[in-house]
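J.: Just passing along the structure, written as structure tokens.
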Amino acid sequence: MKLGLAWPVPSHAQNQSHLWRAFVQKLYFLLYRHKNGTNFWNLRVKGSMSKYWKPGSERPTPLLVDDEEGGVLFVSNPASSSSSSQLERLRQRLPVYKYREAILYLVENHATSIIVGETGSGKTTQIPQYLKEAGWAEGGRVIACTQPRRLAVQSVASRVAEEMGVKLGEEVGYTIRFEDQTNPGLTMIKFLTDGVLIREMMDDPLLTKYSVIMVDEAHERSLSTDILLGLLKKIQRRRPDLRLVISSATIEAKSMASFFHIRRKNLRNDAIDAAPNQEPAILSVEGKGYTVEIHYVEEPVSDYLQASVETVISIHDKEGPGDVLVFLTGQDDIEAAVKMLTDEYNYSRGRSSDLLVLPLYSGLPRGEQDLIFAPTPRGKRKVVISTNIAETSLTLEGVVYVVDSGFSKQKFYNPISDIESLVTAPISKASARQRAGRAGRLRPGKCFRLYTEEYYLRDMPSEGIPEIQRSNLVSCIIQMKALGIDNILGFDWLSSPSAEAMVRALEVLYSLGILDEDAKLTSPLGFQVAELPLDPMVSKMLLSSCELGCSEEIVIIAAMLSVQSIWVSTRGVHKEFDEAKLRFAVAEGDHVAYLNVYKGFLQSGKSSQWCYRNFINYQAMKKAIDIREQLVRLLKRLGLTLKSCEGDLKMLRKAIISGFFAHACQLEEYSPNGMYKTLRSSQEVYIHPSSVLFRVNPKWVVYHSLVLTDKQYARNVIAIDPAWLIEAAPHFYQLRKPNPALF
Ligand code: ADP
Ligand code: MG
């Protein structure tokens, strides 16, 4: 059977977008260097510091960052049991404290205040408290502080509640997707993700309950931050009483200021009299960072994971006291490094480790998060292995050494192939400087960069690309349409998304039946999709399941797909892990296996022991149950009811296809290693090893998402009959007729 796209791939399909090309070139460049380096196999950092340039050696002097003098900010780590007077003293020692009055003056008098300050200077935890103390939360009003990351939201909210001596969820609360820890009427300071704030605009377009909105970590330029900034600028014209605080570690403050400079004549007439100064104020909080010595590797390393482990051991052997912060890319890398460090170190020393090795990534259970902030036990050295969440969002005290792999996980979207993947990609100079700065909080520190100085100076891009220019815009478009913004390209963007990506997203939304020919949300489907806090493809799957009569099962699948990592990392017991997975595996694929896991968990009486025996993440399962309940409530609100398909797995897969038909792949004939090609753009993909269909390789599959590591892997895969594709999306796929000329 041959399937083809119903519409021809545009002729420019071969010409990849500029951004994508630049990115792929960079990857090739790195690969090329790594593979063809003159002494490739000698490049590893072999447990010795001799491969680094040291200050004072005949190599060029190391670069210094932030050579300001300063006093000790923290004498000891703030323990969770700190007394209130201790916490108060700590608060007053933060650099931002000296600027308290200035900040309050600016917020009072300017519509927008931009506050720039080093990570750890107290912006996130202190400014909302200052605003509350100054009365901005009186009369039932709320102070909002947005973060790009969920974990940061939870962490700073609990810190601020502790500092204020209140119970989290009362005066100080937080909201992230699927989790609301606030108490309307009581909550005065609310931390939330920028995505959640955008969603709140659907019910309250002018965000009337907020008196001040602090958009934090603006330098990260996450997709939602950019959308939010544009929307807030619109709200400001109608609400002279609203104050914006934009804060970040490094920011192009001037361009941000000119973006927010609203001319008075553009304000609504009834708003002019009451309006504060429209010219944004800029305030720079002077931090007290110490000198950080930068060390580079002499030659590119072939394996940054191994190199980072060896560097940590070497630091532990040769350097003085102080904790180590290692920047790797994602959960898999981090877990692997934790295991390598624990095993390798114990093995080589033959004694119980005096290293306390801790992972840090989003999705980490709360208990483990707390360990990160707890003081390092006497006689131990803490090693935190983190994603770039520790770059600016969270401050770890006690870090004196930083190991920077030079990579992070980044979203990249190719509008031509319509593939968005999470890619391990090189970081920018701005990120590298931030990472290094983490070593200079306590006293002079050292940063070990696992790349060459030449690479840093010559090839590393100075700034990252804003997420909006490397994202699939499908969700963004639905949200903006639901907020009544029709001309999305004409929207006031800080950086415009590419027209190509926009067209692609409109195409996909049209093919899903979410937008009509005039690019308006369809009724009811389009409006219903906008109501659900899920990826539009998952929403479409869920809504179709209500029609197909399998919503009881699909709502569980949607919940399971919304939590990170159902399986616990294998930690070297691959055989037992594979056997455990087999207990739930079914020929249909991962989605049905998740149903089995969910049922098994319920049957076990939601037992953590059962999870442990089956290599299943207990926290993730509890979360999935919670999300399922919320989704059921949302469906009820839309007037939809749950119905079971009573084991009709064909119906179940048809519902999945109705959302994910664009993610169909066919196994390449005669491919010895299970290579698939996407129907949409003939991209090579492989089934991810975590899938129950890994090595099973059915002929036709539909995947949920892609990750790119050494190859492009499809995660969460289901086997399908290709005829269902045409049935679900006749406007998208058609049977390819054999060419008579060939016979
Ligand atoms: P900024 O936003 O300027 O980067 P923060 O307000 O996040 O700074 O941090 C100020 C201080 O509060 C830091 O020194 C940090 O160590 C401390 N802190 C923040 N969150 C926590 C937490 N969850 N536990 C312990 N200390 C914290
Ligand atoms: Mg902060």
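Every number in this text was worked out from the coordinates using simple rules, so none of it is lab data. For clarity, every value in this text was computed on a predicted model and none was experimentally measured. Positions of Cβ are backbone-derived with ideal geometry, glycine not excepted, and every protein chain shown enters the neighbour counts.
J.: Please give the FRET efficiency for residue 183 paired with residue 669, using the beta carbon to beta carbon distance and R0 = 60 Å, rounded to the nearest 0.05.
T.: Details: r = 60 Å, r/R0 = 1.00.
Efficiency, from the Cβ-Cβ distance: 0.50.
J.: Next question, about the same structure. What is the diffusion coefficient of region 100-189 in µm²/s, taking the Kirkwood radius over Cα pairs and the Stokes-Einstein relation at 4 °C with a viscosity of 1.567 mPa s?
T.: Values: Rh = 13.7 Å.
Rounded to a whole number, D works out at 95 µm²/s.
J.: Still on this structure, I have one more. How far apart, in nanometres, would the label points at residue 727 and residue 204 be if each is projected 7 angstrom from Cα along the Cα-to-Cβ direction?
T.: 4.6 nm
J.: When the Cα centres of region 644-676 and region 297-342 are compared, how far apart do they sit, in Å?
T.: The distance from the Cα centre of region 644-676 to that of region 297-342 comes to 40 Å.
J.: Same structure, new question: Order of 253-259, 150-156 by packing, highest average Cβ count within 10 Å first?
T.: Working: 253-259: 15.6, 150-156: 22.1.
Highest-to-lowest ranking by the protection proxy: 150-156, 253-259.
J.: Also: Could you work out how much longer the chain between residue 319 and residue 258 gets when fully extended? Use 0.36 nm per residue separation minus the Cα distance between them, nm to one decimal. Kindly include the intermediate steps, with their values, before the conclusion.
T.: Details: separation 61, 0.36 × 61 = 21.96 nm, distance 4.64 nm.
Extra length available between residue 319 and residue 258 comes to 17.3 nm.
J.: For region 585-733, what D do you get in µm² per second when you plug the Kirkwood radius from alpha-carbon pairs into Stokes-Einstein at 20 °C and 1.002 mPa s?
T.: Details: Rh = 16.9 Å.
In µm²/s, the coefficient is 127.
J.: Still on this model: Within 14 Å, Cβ to Cβ, of residue 329, how many net charges do the neighbouring residues add up to if Lys/Arg are +1 and Asp/Glu are -1?
T.: Details: positive: 409, 411, 435; negative: 303, 332, 333, 335, 391, 404, 710.
Value of the local net charge: -4.
J.: A follow-up question, please. Let me see the P(r) profile for region 394-548: every Cα-Cα distance counted, bins of 5 Å, each bin given as a percent of all pairs.
T.: 2, 8, 14, 14, 14, 11, 9, 9, 8, 6, 3, 1, 0
J.: Convex hull volume of the Cα atoms in region 293-397, per residue, in Å³? List each step's numbers first, then the result.
T.: Details: hull volume 12.9 nm³, N = 105.
Considering the Cα atoms of region 293-397, their hull volume per residue is 122 Å³.
J.: Now for a separate question. At a Förster distance of 45 Å, what's the computed FRET efficiency of residue 604 paired with residue 84, Cβ-Cβ distance as r, to 0.05?
T.: About 0.60, to the nearest 0.05.
J.: Right, something else. Set the Förster radius R0 to 41 Å, insert the Cβ-Cβ distance between residue 711 and residue 519 as r into 1/(1 + (r/R0)^6), and round the FRET efficiency to 0.05. Intermediate results must be reported in sequence, preceding the final value.
T.: Details: r = 36 Å, r/R0 = 0.87.
My answer for the efficiency is 0.70.
J.: Arranged from highest to lowest average of other beta-carbon atoms within 10 Å per residue, in what order do the peptides 668-676, 391-399, 121-129 appear? Present the calculation step by step, with values, prior to reporting the outcome.
T.: Details: 668-676: 12.2, 391-399: 21.8, 121-129: 24.8.
Answer by packing, highest mean first, reads 121-129, 391-399, 668-676.
J.: Another question, if that's okay. Note the full-extension length gain between residue 682 and residue 454 as 0.36 nm times their separation in residues minus their Cα-Cα distance, in nm to one decimal. The partial results should precede the final answer.
T.: Values: separation 228, 0.36 × 228 = 82.08 nm, distance 3.72 nm.
Computed gain between residue 682 and residue 454 is 78.4 nm.
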